[in-house]
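Below: one structure, written as C-alpha cells.
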Amino acid sequence: GNVYPPEKVDAALANYFRAGNLIALRELALLWVAGKVDDQLDRYRAEHGIARTWETRERVVVALTGGPEGETLVRRAARIAARTKGADLLAVHVTSADGPAGGDPAGLSRQRLLIESLGGTYHQVVGEDIPRALLDFARGVNATQLVLGASRRRRFAQVLSRGVGVETIARSGSIDVHMVTHDEARAGRRPRSRAALTRTRRTTGWVLAVAGMPLLTAALMPFRGTLSLSSDILLFLSLTVGVALAGGTWPALTAAVGGFALLNWFFTQPFHNWMVAAPENVLALVVFVLVAAAVSAIVDLAARRTREAVRARADAEVLSTLAGHVLRGEAALPSLLARLRETFALESVTLLERRGAPAQDDASEPSAWRIVATSGGTPSICPGRADSDVRIDDTLVLAATGRLLDASDRQVLEAFAAEAAVALRQERLRQEAARAEPLAATDRMRTALLAAVSHDLRSPLSAAKAAVESLSSRDVRWSKEDREELLATAGESLARLDRLVENLLDMSRLQAGVLGVALEPVALEEVVPHAVDDLGEDRDRVAIDLSPGLPEIDADPALLERVLVNLMGNAVRHSPAGQKVLVTASRHDDLVEIRVIDRGPGIPPEAHDRVFQPFQRLGDRDNHSGVGLGLALSRGLTEAMGGTLVPDETPGGGLTMVVSMPVRPRH
C-alpha cells in the first residue's frame, strides 16, 4: 500500500479513509474472500467426489422452459436471491435428449436477457430425465434453492404421471424447492398448431383411402376362390401402409376400418354378411386393424419428428449466423437487421424505441417512437404500421414490413429481436466507453500530474523558502561563505522550479497545438556543444563524436537544444559512475541521426512506448528527477520540428535515444 508522509495524512484521512469508503472496501474484500473460499470448496468437493450440497452461500437456480411463465419465475427467483446479500442467481434450461422438440427459442432468448440483466447467469443442459437433470445441475453448482413453475398439464394428465415438479420435490433432498404459480398454469398446454404432413400428402392419403380400397376390392373379386383370406389381408394391409406413408394417421385409420369392413363383407365366409364363421378369421381381421393403426401412428410420428428436425436445423443455421453477426462487434445491429430482412424476404426491418413512459394505445402513435436502426425500404415509424412486430421489452419493439409471418417464422423473429436488443446494448456500451476513455485519460493525467507536481513543486519551494528565511533571520550571524551558499541554494531551487514550470507550459502548448516552432538551418557542430555546456557540473560526463561534414538540418535551435539537454541529462542520471555518455551524429540518406548512448540499466522493449508517456519515471532510482516530463516533452518537441525520437538498446547494455532530423534541402 501507499505510505503517506506527515503532510499528506490529513488529506488522506479526509478523502480516502472516510467511513463509507472503508465499509465499501471491507464488503468488497469479504465478497472476494467468499468467492475464493467457494472456489476452493468446489475443488475439494470435486476431488473427493462429494455430490450433496454444502450450504456455504445462497445459490438460487430457476428452471426455464421458454414458456410465457418464464419471466414470472425469473423475477420471483431474483427476489428470493435478493434476500441474502452476495447470493448467486442461475437459470437452467433442460433440453430433451430424445428428439428435436424443446423450449421456445425466442422465449428462452428473452428470458436469458432478463436473467443476465438481473445479474444472473444462464445455463443449458441435456438430459432424458428432466427432474434428474435439474437436480444434478443444482447439486453440481452447490445450489441451495430451486425455483420451478407450477405444471401446465391438465388434471387428468397429472393423475397419470406425477410431473416434473412433484418428481423434483421428491428427489430434492436438502435443496429447497419453490413451486411458483402463474397465469399459464390454468391455461394448460397449448395444442400443436401444425400437422405433421403437408396438405398435399394428406389429400393424397385420403384419395387412396377412399378410392383405393374399393378399387382393390374390385380387382380381387375375380380371384376370391383362388386367394386365401390371409393373402387378401396382406394386400389390404399393404395398401393401408401406403396410405399411412402418404397421408398419415387419420387416412390410414380410415383405410384400416374400411378394409376391415370390405374384407368381412366380400372375402370372409359367409359372404355378404357381417357374421364371421371361423374364429381365426376374426383374429386375423382384428390384427389387421391393430397393425394398420400402429403403422399409421409410427409414420405420423416419424413425419412429425422429421419436420421438426428440418425446421430446427433451419432455425439453428439462421440463429448461428445471427450469433456471428452479434459477435462481430462493429455495425452488428445494422448487419443483423439486414440479415433478418434477407432471411424472411421482408421489405424493411426497423428497431423502434419508445420516447417516454408507456401509454395506452401508443402503438399507432408515431410521435411516441423513434427509429434506432433500420434496414431496407421505408421504415416503420410505429409498431401499429408494421405487418409484424415483436415487443422486446417496455421500450424496444422490432417492426417488419413486407408480409405476414407464420407462427414458426415469428419464433425466429422473436429470437432476432432479442439479439437485436443485445447488439443495441453492446453498441451503446461501446459509445459510453468511447466517451469515458478521454475522461479517464484526463483523470489519469490529472492524478499523475498532482502526484508528481505536489512533490516537485514543494521541494524547490521548500529549499528556497528555507534559504531565504535563514538569510532574513536576525538570530544568526552568517559568514560570507554561508550567505553565498544559501543564496546559491535559493538560486538553484528557483531555477529548478522555473524549468519545471517551463516544461509544464511547453507540454500544455504541445497538447493544445499552439507551440511556436521556427525552423531554420542548424549546424550540429554548434548546437551539441551548447547543449553539453547547459548540463553544468555534468558536462564532464558527456563525450561528443560527430561525423565530419554533416549537413545542416531543419530545426528550431532552441527547441533542439532543450531536447538534447533533456536526453543527455536523463542518460547521465542513469549511467554508472565513471561511465561517460556518448553523443554521436551521422547522416543516413535524407536524415541526420543524433544518438545519445548510455551504459545504464536500460529499458525493456515492452516499455519503450510507455517511457514517453507524461509523468512517467520508469527506471528512476529516486524521486528527485523531475515530474517525468523530460522524455515526453523531448518527443513532442522533436515531432513538432518534423523529426522523430525512438529508443534503442545499446549493445552490451544500456539505452540509446535516437533523434532523427531531416536534412536541410539545397535551393
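Values quoted throughout were computed directly from the atomic coordinates according to the rules given, and no laboratory measurement underlies them. These figures come from a predicted structure and were not determined experimentally. Glycine also receives a Cβ, built like all others from the backbone with ideal geometry; neighbour counts cover every protein chain displayed.
Quick look at the values:
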item	result
Residue order, fewest to most surrounding Cβ atoms within 10 angstrom, among Ile23, Ile115, Ile392	Ile23, Ile392, Ile115
Ranked packing of 559-568, 136-145, most packed first, by mean Cβ within 10 Å	559-568, 136-145
Rounded, prolate or oblate (a/c below 1.5 giving rounded, otherwise prolate when a/b exceeds b/c) for the range 337-388 by Cα gyration tensor	prolate
Gyration tensor verdict on the range 199-304 (Cα atoms; rounded if a/c is under 1.5, prolate if a/b is larger than b/c, oblate otherwise)	prolate
Cα gyration tensor, the range 486-595 - rounded (a/c under 1.5), prolate or oblate	oblate
Neighbour-count ranking [beta-carbon atoms within 10 angstrom, fewest first] of Lys480, Lys580	Lys480, Lys580
Computed log₁₀ I(q)/I(0) - Debye formula, equal Cα scatterers, no solvent, the range 329-429, q 0.20 Å⁻¹	-0.95
Residues Ser296, Ser634, Ser470, Ser172 arranged by fewest to most Cβ contacts within 10 Å	Ser470, Ser172, Ser634, Ser296
